[in-house]
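K.L.:
Structure in structure tokens, see below.
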């Protein structure tokens with residue numbers, strides 16, 4: 001069985017949040033440092049329910065007819081990616097001592113909320129309707145917007161964390177970690 005360590009470093013290079021992925025016979029197993037599998041699975045499950053309900057609320061509140069552009073799916077995926085960027089800063093640099101935060105919010109809530117499977121179905125529907133150019137624009141536009149949203153979430157959250165740390169009289173993200 002081989003293992004690969006997953007971790008994130010803060011500005012000083014310290015290892016803060018880590019996990020371990022074990023591969024070999026059977027499915028990969030992911031553990032969160034300091035956590036047992038059952039609490040991690042419970043956090044992911046609870047978060048997944050919340051995220052799926054959030055996606056359902058958006059897509060129900062913004063219905064798309066079969067011949068319309070899939071704006072609701074686009075909005076869900078891009079907003080979810082923005083929140084993933086925010087979460088990654090908070091989980092690895094501000095609240096790194098909360099081992100269930102990423103499984104609950106990242107894998108659970110945001111994994112249940114975003115829907116890249118519906119994105120591919122929407123693109124196939126556009127192709128089936130003869131809107132191949134629109135399908136390609138949707139595929140490329142969603143990926144571009146999603147990546148830019150992650151970047152924006154990371155950048156904005158780091159900026160806010162630094163301002164909060166400075167206001168508290170402590171420079172840098174490490175001060176933001178100590179303040180929480």
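Each value in this text was obtained by applying a stated rule to the coordinates, not by laboratory testing. Computed from a predicted model, the values in this text were never measured in an experiment. Backbone-built Cβ (ideal geometry, glycine too); neighbour counts: all protein chains shown.
K.L.:
Cα centroids of segment 122-164 and segment 79-112: how far apart, whole angstrom?
P.N.:
Going from one Cα centre to the other spans 18 Å.
K.L.:
Can you pull the one-decimal nm distance between simple spin-label points at residue 117 and residue 151, each 7 Å off the Cα toward Cβ?
P.N.:
Reported label-point gap for residue 117 and residue 151 is 3.0 nm.
K.L.:
For residue 69 and residue 159, what does the FRET efficiency come to when R0 = 25 Å and r is the distance between their Cβ atoms, rounded to the nearest 0.05?
P.N.:
Numbers: r = 33 Å, r/R0 = 1.31.
Approximately 0.15, to the nearest 0.05.
K.L.:
Under Stokes-Einstein, with the Kirkwood radius over Cα pairs standing in for Rh, what whole-number D in µm²/s applies to segment 35-179 at 25 °C and 0.890 mPa s? Write out the running numbers ahead of the final one.
P.N.:
Working: Rh = 16.7 Å.
Rounded to a whole number, D works out at 147 µm²/s.
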